[in-house]
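Notes for the one structure printed next.
The values are calculated or read from the model by the stated rules, or taken from the named source; none is laboratory data. This structure is a prediction, so every number in the text was calculated from the model and none was measured. Glycine also receives a Cβ, built like all others from the backbone with ideal geometry; neighbour counts cover every protein chain displayed. These area figures cover heavy atoms from the full protein model, side chains too; ligands, DNA and RNA do not enter into them. Shrake-Rupley method; radii C 1.70, N 1.55, O 1.52, S 1.80 Å.
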Amino acid sequence: MIRLALCLFALCSSLSAATQPNVVLFLVDDMGWMDSGVYGSKYYETPNIDRFATRAMRFTNAYSQPLCSPTRASLLTGQYTARHGITTASGHQPPQPARHVFLKESAPPNAPMLLPESKNYLEPAQITLAETLKEAGYRTAHIGKWHLGLTQPHWPEQQGFDVAFHCHPDPGPPGEYFSPYGVLAEGKPGGKTKVGTITDGLEGEYIVDRQAAEAAKFIAASKSGPFFLNLWCYGVHGPWGHKEEYTKAFVAKKDPSSRQGNPIMASMLKSVDECFGRILDELDKHGLTDNTLILFTSDNGGNTHSNITTEGKKAASEAWTKWSGNQPPTMNTPLRDGKGTLYEGGTRVPMMWSWAGKIAPGSTSEAVVGPIDVYPTVIDLLGIAKPEQQVLDGISYAKVLKGEGPLNRTAYFNYHPHAGANRAGGVWVRSGDFKLLRWFGNPSTHELYNLKDDLSESKDLAEAMPDKVKELGALIDGFLKDTGATYPRPNPAYKPVAAQAPSKSVDPLAGWKERGCKATITDGILSMKATGRPEASFLGHGMARISGPAIVKLRVRSGAGGAGKIESYPNGSADPSGMIAVPLEVKAGDWQELKIDLSAKALIGTLRVYLPDAEIDFIEVAPLKGKAQRWEF
């Protein structure tokens, strides 16, 4: 009788496991919030992502970390970066030894701050989402970029994955996206020596296509279920390998909104979209779609800074400029900035969930969520208990997904103690519609935005709302204390160089001349206000060494808006012969980026920028050939 009872228990457990839903987590690398049709792109083509949205819940306030490794660690641990310690994209660096000190007590006297060091690996003691699902009877697979540990003790197989397709070091894909990938099965990873489980495919095979094939193979082998497929796509990260046959099709395409237009990025997103579509089709093929929980998201905001050729910066490769000219990989407009920053363009990402019969198809949510919440949400939906030893900062929003209630969240935090003033980074808190940024390198500096009214983060309310700054600042203080954050702090040994009077030769306008207007610079923003007839007010600059054709870019904001123009005087402003004038229109309201095409094949000579009363974030002149010049005031 005892043996019979045990057999019946085993049979019931097997049937219970088989009816548990499968889980697919599809993570794109460097995909911005605006980089799909369903999220508003008018240039990129993402039919599979868009059709998935019709059966999913789409989140409009979903966040990541500014860089990839921190987000990936938070997905698997349910913890803020300040707690798990991976705070920058350093997962390809050698792991630090035991008892390593990540925030030293002293620094040289010329360093104003004590700066923390990021962990280069995911701590083996963490009980990951994969380990929790595996313990519950799931077959688990990791396919793609890992970036959470260079050496074997820190690879996916040691963090709960039964099947793993990966290589190291892995900030980007092996083989620059194309087979042969050159990955060794054994050896010491580092530099150009990649070690892991990825094997070569046919000559010229595209790594994103191979990821789709490996995922399909895993799904077919695991269809009796349940399984957890963790596919972290290599696209669309550098070095931007792309299928030229796809890229060619986007060269002539124009974005009617003038926000995006990079054919290489469009080509790579098409390949990512096909990879995702192949997984959806494979689930359909095996009749698994209705019993699979699917999550689609990105590891950080879109890259808006790479491959721009500006004064003092290394020129983009010929392979890039051939197709994309002087464009960055993408643009996140209307969001501010991009990857690597704490502004919305660096941290707000696409996120969609589907589960037939549980999550309303074609629905949207404004709940503020992030990678720390994925772990608790998944196990809550599946009815799996939280591991007692694992500290979870995230909270489940299963009720939001199932339409059973709102998410009760007082605050959400984002911590990035790198870059910026004194290389010390900062932290922000989002509470309701308000977001407060605190910069560690300049502790008295805060920025406050009402994201409901100002998604572009163009109106800093910190000075006007000191009580709100104090209220949200207290939340940040509590966050830093609770997580044990090793945040930057002043160096007690710092000896600043004696202050010197500014040189009279320093030109705050960097060569631009005011004509009929007054130009002032505050916190890196140039304000231009007419002193006479508005139509005759302009900024002028000599461009004798730059030849057209060229693109003039400006990021501007104007309260009233109005007409303007760009004028080029090839022979200097004293000689109007050959002058070129291109009209422009500045819309009233938020920040906008304008692109003006100076198509003449001649010296630009003197350039004049006519605008209504406006603020200017930057001006850039990018010739088709040669280096661009950019002025960030």
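Odds and ends about this structure:
- Each residue of the range 55-106 gets 131 Å³ once the volume of the Cα convex hull is shared out per residue.
- Length-normalised contact order for the chain - Cα pairs under 8 Å, 6+ apart - percent: 16
- The gain in end-to-end length when the ALA411 to LYS565 segment is fully stretched comes to 51.0 nm, 0.36 nm per residue minus the alpha carbon separation.
- Set of the range 592-633 residues, backbone N closer than 14 Å to the point 7 Å along the Cα-Cβ line of ASP523: 616-617
- Of all accessible heavy-atom area on the range 359-461, the percent that carbon and sulfur account for (1.4 Å): 48
- With 27 Å as the limit, the listed pairs LYS468/LYS587; LYS217/LYS253; LYS145/LYS253; LYS42/LYS243; LYS134/LYS481; LYS254/LYS518 have LYS468/LYS587; LYS217/LYS253; LYS145/LYS253; LYS134/LYS481; LYS254/LYS518 beyond it between alpha carbons.
- Simple spin-label estimate for GLU186 and SER317 in nanometres, 7 Å along Cα-Cβ: 3.2
- LYS386/SER224 FRET efficiency (R0 30 Å; Cβ-Cβ; nearest 0.05): 0.65
- With DNA, RNA and ligands ignored, accessible area of LYS495 (1.4 Å probe; Å², nearest 10): 150
- From the alpha carbon centroid of the range 57-75 to that of the range 332-351 is 11 Å.
- At an R0 of 41 angstrom, the distance between the Cβ atoms of ALA107 and HIS286 translates into a FRET efficiency of 0.10.
- Volume per residue of the C-alpha convex hull in the chain, rounded to whole Å³: 179
- Once the Cα-Cα distance is subtracted from the 0.36 nm per residue extended length, the LYS253 to GLU176 segment shows a gain of 25.1 nm.
- Shown for the chain are the DSSP H helices of 24 Å or more along their axis, judged by Cα atoms, with a mean Kyte-Doolittle hydropathy of at least 0.0: 2-19, 263-285.
- Cut-off 13 Å between beta-carbons: net charge of the residues surrounding THR292, Lys and Arg +1, Asp and Glu -1: 0
- FRET efficiency, 1/(1 + (r/R0)^6) with R0 45 Å, evaluated for HIS100 and ARG515 via beta carbons: 0.20
- Ellipsoid equivalent to the range 349-432 - semi-axes via the Cα gyration tensor, in Å: 28, 17, 11
- Per residue, the accessible area of the chain comes to 43 Å² when a 1.4 Å probe rolls over the protein heavy atoms.
- Taken along the Cα-to-beta-carbon direction at a fixed 7 Å, the label points for LYS495 and ASP460 span 3.3 nm.
- From the Kirkwood radius over Cα pairs of the range 315-377, Stokes-Einstein at 25 °C and 0.890 mPa s returns a whole-number translational diffusion coefficient of 162 µm²/s.
- The antiparallel fraction among DSSP beta bridges confined to the chain stands at about 70%.
- Sequence-distant contacts, meaning Cα pairs under 8 Å at least 6 residues apart, place the relative contact order of the range 59-186 at 23 percent.
- For THR19 and THR54, the difference between the fully extended length at 0.36 nm per residue and the C-alpha to C-alpha distance is 10.1 nm.
- Kirkwood-based Rg to Rh ratio, the range 136-237, C-alpha trace: 0.96
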